[in-house]
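Notes for the one structure printed next.
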Amino acid sequence: MLLKATIALERRFELPDEASPAQDPEGRRYCGLRVGNLGLLVAHDVGGEIIEDARVFPLPRAASWCRGLINLRGNLIPAFDLHESLGLTHLKASRQWCLALGAGQAMLAFPVDALPVALRAEEGSMVRTHVTLDPLRAHAGATYRINGDLWLEFKHLEFFRALCTTASGSQPS
């Protein structure tokens with residue numbers, strides 16, 4: 001028997017607790033990003049794409065870390081410079097890539113110094129560190145040692161919202 005369209009549209013799909021990434025027996029899955037000499041981890045399922053030779057349209061009187069807007073298939077997405085906002089040096093890479101991270105209204109872009117890599121972080125690879133850049137401290141999670149490198153969980157949406165709120169001089173809602 002088929003449901004009426006209005007009833008079907010009111011239903012919600014909820015994932016069972018077993019499907020949460022924390023339950024993964026092989027460790028949490030991440031996408032590893034290199035920004036300067038910093039290794040950042042974002043959830044593997046956040047979505048995104050690499051944009052080569054991104055054309056950025058600057059915004060007048062914007063902060064130096066706000067590069068402007070990128071037209072990605074007709075969608076305007078904000079482009080930020082994490083190097084500038086965190087005081088990091090751009091690495092002398094043979095190519096510069098821009099990563100569009102997220103989806104829909106939550107998509108944003110920023111340059112990365114290497115192509116993203118798929119990583120797994122196991123509980124045993126977590127390390128304690130007190131060396132986190134001040135602007136990043138409130139938006140960082142655990143630090144992991146993976147394949148000999150340190151990687152920091154990065155709450156990117158929180159970070160960019162706070163950055164924009166600070167620049168506009170308004171308080172977060």
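The values are calculated or read from the model by the stated rules, or taken from the named source; none is laboratory data. Remember, it's a predicted structure, so these values are computed and weren't measured experimentally. When we count neighbours, we look across all protein chains shown, and the Cβ atoms used for this are built from the backbone with ideal geometry, even at glycine.
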Of the residues in the range 98-115, those that are in contact (Cβ under 8 Å) with a residue 12 or more places away in the chain, of a type outside the set (A, V, I, L, M) and either touching a Gly at 6+ places or on another chain (Cβ under 9 Å) or surrounded by fewer than 20 Cβ atoms within 10 Å (Cβ to Cβ) (or both) come to GLY102, ASP113
How many residues of the range 48-66 are over 16 Å from GLY102 (Cβ atoms), touching a strand residue (DSSP E or B) at 6+ places or on another chain (Cβ under 8 Å), modelled with pLDDT of 90 or more and not β-branched (Val, Ile, Thr)? The answer is 4
Counted residues in the range 133-142 being in contact with a helix residue (DSSP H, G or I) (Cβ under 8 Å, 6 or more places away or on another chain) and either of a type in the set (Lys, Arg) or at pLDDT 85 or above (or both) come to 0
| said: I'd like to know if the range 143-161 contains one or more residues that are surrounded by 14 or more Cβ atoms within 10 Å (Cβ to Cβ), more than 23 Å from GLU49 (Cα to Cα) and at pLDDT below 85. | reply: no
Of the residues in the range 73-82, those that are surrounded by fewer than 17 Cβ atoms within 10 Å (Cβ to Cβ) and in contact (Cβ under 8 Å) with a residue 24 or more places away in the chain come to ASN75
* To do: State whether the residues of the range 86-93 include one that is touching a Phe, Trp or Tyr at 6+ places or on another chain (Cβ under 7 Å), more than 16 Å from PHE160 (Cα to Cα) and in contact (Cβ under 8 Å) with a residue 40 or more places away in the chain.
  => no
THR166 fails exactly one of (1) surrounded by fewer than 18 Cβ atoms within 10 Å (Cβ to Cβ); (2) at pLDDT 75 or above; (3) among the polar types (S, T, N, Q), namely (2)
Result of the Cβ filter at 8 Å on the range 55-66, keeping first residues that are touching a residue at least 40 places away in the same chain (Cβ under 8 Å) and partners that are among the acidic types (Asp, Glu) and not in a loop (DSSP other than H, G, I, E, B), at least 6 apart or interchain, is TRP65/GLU84
### Query
Does the range 116-132 contain any residue that is modelled with pLDDT of 85 or more, β-branched (Val, Ile, Thr), within 19 Å of GLY48 (Cα to Cα) and surrounded by fewer than 16 Cβ atoms within 10 Å (Cβ to Cβ)?
yes
Look at ILE70 and say whether it is modelled with pLDDT of 90 or more and crowded, with 16+ Cβ neighbours inside 10 Å. yes
